[in-house]
1. Please work out how much length the chain gains when fully extended from Ser146 to Ile33, using 0.36 nm per residue of separation minus the C-alpha to C-alpha distance, in nm with one decimal.
2. Can you check what the net charge comes to around Phe68, using other residues whose Cβ is under 13 Å from the Cβ of Phe68 (Lys, Arg +1; Asp, Glu -1)?
3. Magnitude of the Cβ-charge dipole of the range 1-128, K/R +1 and D/E -1, about the Cα centre, nearest 20 debye?
4. Local charge sum around Arg23 (other residues, Cβ-Cβ under 14 Å, Lys/Arg +1, Asp/Glu -1)?
5. So how compact is the range 11-158: Cα radius of gyration and Dmax in angstrom?
6. Of Gly85, Gln69, Leu47, which is farthest along the charge dipole of the range 46-120 in the positive direction, counting Lys and Arg as +1 and Asp and Glu as -1 at C-beta?
7. Between Arg6 and Thr97, how high is the FRET efficiency from 1/(1 + (r/R0)^6) when r is the Cβ-Cβ distance and R₀ = 25 Å? Nearest 0.05.
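Read-outs: derived from the displayed coordinates by stated rules, not from any lab. Owing to the predicted nature of the structure, the values given are computational and were not obtained by experimental measurement. Please note: Cβ atoms are built from the backbone with ideal geometry, for glycine as well, and neighbour counts cover all protein chains shown.
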Amino acid sequence: MFAAERPSGSTREIYRELCLQARGLFEGERDAIANAANLTALLYGGLADVNWAGFYFLKAEELVLGPFQGRPACVRIPVGKGVCGTAAQRREAVVVTDIEKFPGHIACDAASRSEVVVPLLRNGRLLGVLDLDSPRRNRFNDDDRSGLETLAALWVERSAVA
Ligand code: SME
């Protein structure tokens, strides 16, 4: 059974703990969907003020919804559209402190106020993105970005994707 408490401490310490827990969850398992599902549950339960945590996978030049925690979300996002599509197009993380100030933001949950999206990259190839939403403005900073990039890289390394 997995019964971790919500990690506490500085943002860096929280992500260090989440990385340890993710390593534990991925141990001996290479299934990409199973590992993605567990990672979203870990992030959703382990981070304060997060109302959505999920994956979008790149399929035929579109991002398609994968495992997530939170309210039902838009299924398809074209590359270049919204925060997710922008991170996918740039192949780099995007931190949005106030979604009302991000032109083209795609509203899935009306409660969301800020967002961070990191790309999933294997040897430079884009596999998809990992997306977190918060009902609080300014929820995500550079330590969140860097912590999520580490978790995204861990998922890519540990999961077999066609
Ligand atoms: N807000 C995202 C869409 C995905 S949801 O937040 C789950 C965007 O603008 O790409």
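1. Fully extending the segment from Ser146 to Ile33 adds 38.4 nm.
2. -2
3. Charge dipole, the range 1-128, about its Cα centre: 360 debye, nearest 20.
4. Net charge in that neighbourhood comes out at -1.
5. When restricted to the Cα atoms of the range 11-158, Rg and Dmax are 13.8, 43 Å.
6. Result: Gly85.
7. The calculated FRET efficiency here is 0.60.
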